[in-house]
Amino acid sequence: MDKLIDINGCYVSQHGCDSAFYSVYMFYANGLFTIATTGNLTPELILCFEQGGKSNICMYPLWGTYRVEGEYIKTQTIRPEGNGCVIFRDYKILPDKKIVNISDYVEPQYTNLGYMGNYPSFTTSACEKAAGFYSLKSKRDSTDCYLLKKKWFIGK
């Protein structure tokens, strides 16, 4: 994976053409993926991905998995709040190791979006820009992923 993209840090991307909605995300060599989405991009958010933290966004980022298919990275994350839902995001790997979010959607028949009504659900987007990369001195440990403690996730 590290030959295709840089996994020693986190990516930050802005959603949509006119949005002030940001995603900060990180890939792990073991197939885990974590993402936090916010309207307020702060230095503390980047620190969450470096060392964890005590704020809600640090304590409860979305976790999931990814797989690489050619020049695409396909992710699935679980949003546990309310009735829960699965969010799917697809990224295209660019030749310079940058990545761009090309689709972002939820499975509507299986979820109650609730307060996610303003979530930028799209199946394709022409307005996404390549994500900026932030190299990190250290990386939040993937064992922080609560899914690893779920029997159904690890197949025991």
Original post:
When you go through Tyr134, Tyr105 one by one, which is the residue that is modelled with pLDDT of 65 or more, farther than 24 Å from Asp6 by Cα, assigned to a strand (DSSP E or B) and open to solvent by 50 Å² or more (accessible area, probe 1.4 Å)?
Top reply: Tyr105
Subject >> Of all residues in the stretch 7-22 being of a type outside the set (A, V, I, L, M, F, W, C) and modelled with pLDDT of 85 or more, the one that is most open to solvent (accessible area, probe 1.4 Å) >> reply: Asn8
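Scan the stretch 61-98 residue by residue and report those that are at pLDDT 70 or above and not in a strand (DSSP E or B).
Pro61, Gly70, Glu71, Pro80, Leu94, Pro95, Asp96, Lys97, Lys98 - these are the residues of the stretch 61-98 that are at pLDDT 70 or above and not in a strand (DSSP E or B).
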Original post:
In the stretch 23-51, how many are surrounded by 13 or more Cβ atoms within 10 Å (Cβ to Cβ), within 15 Å of the chain's Cα centre (by Cα) and either touching a residue at least 24 places away in the same chain (Cβ under 8 Å) or not in a helix (DSSP H, G or I) (or both)?
Top reply: 19
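The values are calculated or read from the model by the stated rules, or taken from the named source; none is laboratory data. Being a predicted model, the structure only gives us computed values, none of them experimental. Virtual Cβ from ideal backbone geometry, glycine too; neighbours counted across all protein chains shown. For the accessible areas, the whole protein counts, side chains as well, though only heavy atoms, and no ligand, DNA or RNA atoms are used. Shrake-Rupley method; radii C 1.70, N 1.55, O 1.52, S 1.80 Å.
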